[in-house]
1. Give me the accessible area per residue for the chain, probe 1.4 Å, as a whole number in Å².
2. Name the residue farthest towards the positive end of the dipole of the chain from the options Tyr71, Leu163, Ala97, assuming +1 on Cβ of Lys and Arg, -1 on Cβ of Asp and Glu, about the Cα centre.
3. Give the total of Lys-Lys pairs in segment 67-177 with Cα-Cα distances below 24 Å; include a pair only if its members are 8 or more places apart or on different chains.
4. So for Leu48, Leu160, what's the accessible-area order with a 1.4 Å probe, most first?
5. Amide H of Met143: which non-local residues (sequence gap of 5 or more, or other chain) have their own amide H closer than 5 Å, using H built in the peptide plane?
6. With angles folded into 0 to 90 degrees, how steeply does helix 2-11 sit against the dominant principal axis of the chain? Use alpha carbons for both and round to 10.
7. Given bins 5 angstrom wide, list per bin the percent of all Cα-Cα distances in segment 143-195, short to long.
8. If I compute solvent accessible area with a 1.4 Å probe over the protein chains, what percent of it on the chain is carbon and sulfur?
Amino acid sequence: MLEDFIAKVRSSRSVRRFDESERIGADSLRGLAEAARQTPSAGNLQPLRYVLVSSANACERVFPCLGWAAYLKDWKGPEPGERPTGYFIICSEKDAAGMPQVDAGIVAQTVMLGASAAGLGACILGSVNREKLGEALDLPDGMDILFVVALGRPAEEVRLEELSKDGDVRYWRDAQGVHHVPKRTYDDVVVGEYFDEQEKENTG
Ligand SMILES: Cc1cc2nc3c(=O)[nH]c(=O)nc-3n(C[C@H](O)[C@H](O)[C@H](O)COP(=O)(O)O)c2cc1C
């Protein structure tokens with residue numbers, strides 16, 4: 001049902017605080033890569049490559065390379081105990097043909113939805129110190145890091161809100177620690193509709 005899918009997309013929010021006591025397994029990461037390799041790709045060139053991280057040691061090396069929630073000025077990112085326990089790193093071959101950035105966006109959302117289906121939380125990160133991360137994981141030179149998707153057992157509540165009239169898109173955290181994310185309304189984002197019903201109304 002389309003309604004069920006919409007509800008799944010709605011509940012698949014960016015999560016930035018996790019329960020680090022429950023680590024995600026290799027099987028989850030491998031499953032997400034299995035989904036990722038079946039996503040659409042411009043020209044079907046499939047330039048993307050993935051690095052899967054779940055060992056505590058490697059997670060510790062990845063974490064300092066990431067930038068968290070730029071709008072939350074007083075928050076430096078998840079504390080020890082609430083950090084991601086896995087990372088799905090989306091790379092492409094250097095100077096790859098096609099549209100690797102677009103392909104990567106499709107994969108990133110697929111990973112978000114897959115994580116949510118597995119009861120995990122996730123956050124796509126574009127704020128990445130790529131040089132440092134490449135060194136931390138000893139990635140081959142011929143590889144560009146596009147995005148990192150942080151993963152783990154979610155330990156925060158995220159709620160969608162309607163964007164206020166002033167158009168402020170900044171998310172915020174309330175006194176109870178709930179994270180609120182303003183979204184544009186249907187009428188804001190759908191700027192054209194050409195349906196049979198309307199054409200009949202217009203001409204009728
Ligand atoms: C391409 C992309 C890059 C992002 N980079 C970061 C990032 O570097 N750090 C971060 O904390 N969140 C990042 N996010 C998450 C966004 O902040 C988040 O999607 C937005 O606040 C809306 O929240 P929602 O995903 O729950 O709808 C990124 C999201 C996307 C799609």
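1. Values: 12230 Å² over 204 residues.
Using a 1.4 Å probe on heavy atoms only, each residue of the chain averages 60 Å².
2. Tyr71
3. Details: Lys73/Lys132; Lys73/Lys165; Lys76/Lys132; Lys94/Lys132.
Lysine pairs meeting the criterion: 4.
4. Numbers: Leu48 20, Leu160 40 Å².
Result, largest first: Leu160, Leu48.
5. Distant-sequence amide H within range of Met143: Lys94.
6. Roughly 50 degrees, rounded to the nearest 10.
7. Binned Cα distances yield the sequence 4, 14, 16, 16, 15, 14, 11, 7, 3, 0.
8. 50 percent
The values are calculated or read from the model by the stated rules, or taken from the named source; none is laboratory data. All of these numbers come straight from a predicted model, not from anything done at the bench. All Cβ positions, even for glycine, are placed from backbone atoms using ideal geometry, and neighbour counts span all protein chains on display. Keep in mind that these areas ignore ligands, DNA and RNA; they rest on the heavy atoms of the full protein, side chains included. Shrake-Rupley method; radii C 1.70, N 1.55, O 1.52, S 1.80 Å.
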